[in-house]
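In what follows, a structure is listed as structure tokens, so that the remarks can point back to it.
Each value in this text was obtained by applying a stated rule to the coordinates, not by laboratory testing. It should be emphasised that the depicted structure is a prediction, and the values quoted were computed from it without experimental measurement. So basically every Cβ, Gly included, is an ideal-geometry build from the backbone, and we count neighbours across all protein chains shown.
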């Protein structure tokens, strides 16, 4: 499965995602400069974390107008996989590929720490190697992760099972006290209706190796690779889980 | 600053001005005078400190790289370069931008060497938080560090923060950056090759930060507000692009030399690159990209606008290099060329405004400075322990210490820093040292900052030795062999003999300790004039140290891991109270001598801990420092983020005075926990190195219990200890 990691000026998790794809998952991967429009040959796009364009104006608001984004929208429409992590999630929101918006964290501070998130939908291409309801320990690092959507929008997300990750306590309690940033309904990650575009605030690439203390994020990448290989009739890769 | 002709306003003395006239054999132009003033300032020229600094050791176990903007060591073909630098006065004036540009500046010092920045640490000192301005400073500085560091994508992995009245009126913000680069790809800060182009890259030049290093950094600190215009404004987004573009450009092989424009901006970069390359440089100021109109030549030369670099490009490759910077949205403009006559020539619209020998500008006058033992020492050193009443309630004393802001958890601060970006941080903030893996060589490095300035106030020679010893101890507790030091020396006005005595003794102390441990000082920074009308800061010779971990699987953290394990004290019993947090917090006394330091004992204890960790015998290892044994044990119990584990300590050597035994800060001590089956093996290692070894208790339960000769002295619920320790800083910040 060929990954493409999109590099906006100011992206700073691009190299981490690249490393996980190449060295942890042993998959082909290339960087895609934000001015490129050609996405031929890629099976999955990663919009990495960081501060694209310094997050000036509003997170992701300028990156959304990068030349590559028109191609990303077409890529998504063709049904191929797109994952946006942190700033990448914010860009997907700004581009309208996912519903809702990001506000500043409730405490008005940048927050970097491990949190617990509950896997609410394990039947997506990004999560099918996980088990429904399992609790993951995974880092967040953001200033604007306070996800907002209006009541009607939230109902739609819920009805369509588009909420993939929710912040929770160590035993999976998805109550307000375990929401680090004030996000509506403890939302940490959502998927589009078609089920091929995922946005998440936590950083799975920072917990894909035991050396960094947790491998709870690795199955997200493995799920993508695995689904792709199943789809092409090749033998699925063995996983750690 | 309107009358540029006034050399005094620029910080030059009469004698220095006469010296300049002698060099030029004429009156200097305003631009030349400005250039002399910055090159000969303490900040760039080390005029008062250089003679002493030359005595610092330059060799160690690993090959040392010394002499460029930053120094480093070579480990398995990989150069690890690092440096710590102060940004104190700018931060005191404008904390957010002061701290942010401090971070930006030190990052540039690293990637200008061709190294990718992989970690940041910050050593901070503030006055007491009961003063609203100090709370504003703390909030602003933390905000500046997170604003810059998070965006630029370099993890802020560690550091230290202390609070003391001596920093009321003059905070310290010392930022340290570590970078890595294959040894044969290191870049040099020099202009070589006659006819090669001098290219300006990065952000535009404005009037911000003019005279920052000569005016703000090299004079005593009296009035803040009117110096605000000398503080620079940082843009981390531009810096991030500049890092990527610079590393990409260096990769092409078309670059002969490169230097960041930091202190003294274009002046420093042109003059020092020419001097280092034994060349001359000529530039045309009209080619400099600007953000403001009608800037005078001296303003362009003195500006400290951020995120700019000067590159010496091999002739014929200008377009190639320029395209890389333009791709990253940066300015790139050829402003001059390398010449062979050793002269720096600056033209403005073709008119010659500067014509000076580069060597003359870089040879700042060096001073022999008078020194004198300070008078305060005779009374602060006097400490009669008989007059110190022992606490009736040791639980309360322990809680009070854990809740004092210098000891309390710094989670409120590091929670705001991205300490995981780059996906290499193996030990996150909150242990003795941060550990970062080096994927390419399958090793890891540990890094820490240390300095107990109260010890240095009481005894700078010993205090500075302890700063080095404690840094090494922190690294040993993480499983790393101490390898190299960067020092950031923050002191008062060197023209006052008692201040200079503190400086001199501190440098001697660093030198002694480093020689003993066989650790070179590879880079550093001197910051004098840290005084406000309230007086001088405590002498603060900050030590940044890195260590090498050969097997990244064998690392250790400070918190207890399992119930039912043995707790071991490596090192002597506590017996001193001088300079302790206990005296300061409980008895409101700043008195006594610094704790004793016996270097051979220190080394024996560190070697024992290190070997125990390397052999996989130790579950945890924690350096015993501020707050003594009791605080060290409490931290071992409560600092594990997801899992707190208590301990029953019934055989600790507490000596005759319980308060000295529990809270005394006797040096050379490490608390280790290990499975029962490992204790005898660790004992054998301790015997081999002749380190004191004692099993003092066992882990387990939900409380820390300490008893002496069968009598319970401390019995504290972990939740309560944790609440106090974790909550204190935020509580005090709210005011």
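Looking at the square roots a ≥ b ≥ c of the eigenvalues of the Cα gyration tensor of the protein assembly as shown, which shape do they give, rounded for a/c under 1.5, prolate if a/b is larger than b/c, or oblate?
Working: a/c = 1.77, a/b = 1.02, b/c = 1.73.
Oblate, because a/c is 1.5 or more while a/b does not exceed b/c.
Distances between every pair of Cα atoms in the range B:350-447, grouped in 5 Å steps from 0 to the bin holding the largest one, split as 2, 8, 8, 8, 7, 7, 8, 11, 15, 12, 7, 3, 2, 1, 1, 0 percent.
Counting neighbouring beta carbons within 10 Å and listing from fewest to most, the residues B:400, B:337 come out as B:400, B:337. Hull volume per residue, based on the alpha-carbon atoms of the range B:1-149 and their convex hull, is 180 Å³.
What's the FRET efficiency of residue A:210 with residue B:25 using the Cβ-Cβ distance as r and R₀ = 51 Å, to the nearest 0.05? Provide the component values of the computation, followed by the final result.
Details: r = 69 Å, r/R0 = 1.35.
About 0.15, to the nearest 0.05.
If R0 is taken as 22 Å, the Cβ-Cβ distance between residue B:352 and residue B:9 corresponds to a FRET efficiency of 0.35. With a ≥ b ≥ c taken as the square roots of the eigenvalues of the C-alpha gyration tensor of the range B:168-207, please select rounded if a/c is under 1.5 and otherwise prolate if a/b is larger than b/c or oblate if it is not? Judged from the Cα gyration tensor, the range B:168-207 comes out oblate (a/c at least 1.5, b/c at or above a/b).
Starting from the Cα of residue B:676, move 7 Å in the Cα-to-Cβ direction to define the label point; list residues of the range B:637-654 whose amide nitrogen is under 18 Å from there. Output list for this probe position: B:646-651.
Which FRET efficiency value, to the nearest 0.05, do you get for residue B:319 and residue B:372 by plugging their Cβ-Cβ distance into 1/(1 + (r/R0)^6) with R0 = 60 Å? Don't jump to the answer; show the numbers that get you there.
Values: r = 60 Å, r/R0 = 1.00.
Efficiency computed from Cβ-Cβ geometry: 0.50.
If we count other beta carbons within 10 Å of each Cβ, what is the order of A:29, B:522, fewest first?
Details: A:29 21, B:522 28.
So the ranking, lowest neighbour count to highest, is A:29, B:522.
The Cα-based radius of gyration and maximum Cα-Cα distance (Dmax) for the range A:172-228 are 13.4, 38 Å.
Each label was represented as a point 7 Å from its Cα along the Cα-to-Cβ direction; for residue B:518 and residue A:161 these points are 6.3 nm apart. Figure legend: label point modelled 7 angstrom from the Cα of residue A:106 along Cα→Cβ; residues of the range A:181-213 with amide N under 15 Å from it are A:181-188. Exposure proxy shown here: for B:633, B:65, the number of other Cβ atoms within 10 Å sets the order, fewest to most, as B:65, B:633. The distance between label points at residue A:22 and residue B:642 comes to 3.0 nm (points 7 Å beyond Cα on the Cα→Cβ vector). Reducing the range B:500-524 and the range B:411-433 to their Cα centroids gives an inter-centroid distance of 29 Å. In terms of its alpha-carbon gyration tensor, chain B comes out prolate; a/c meets the 1.5 threshold, and the first ratio a/b outweighs b/c.
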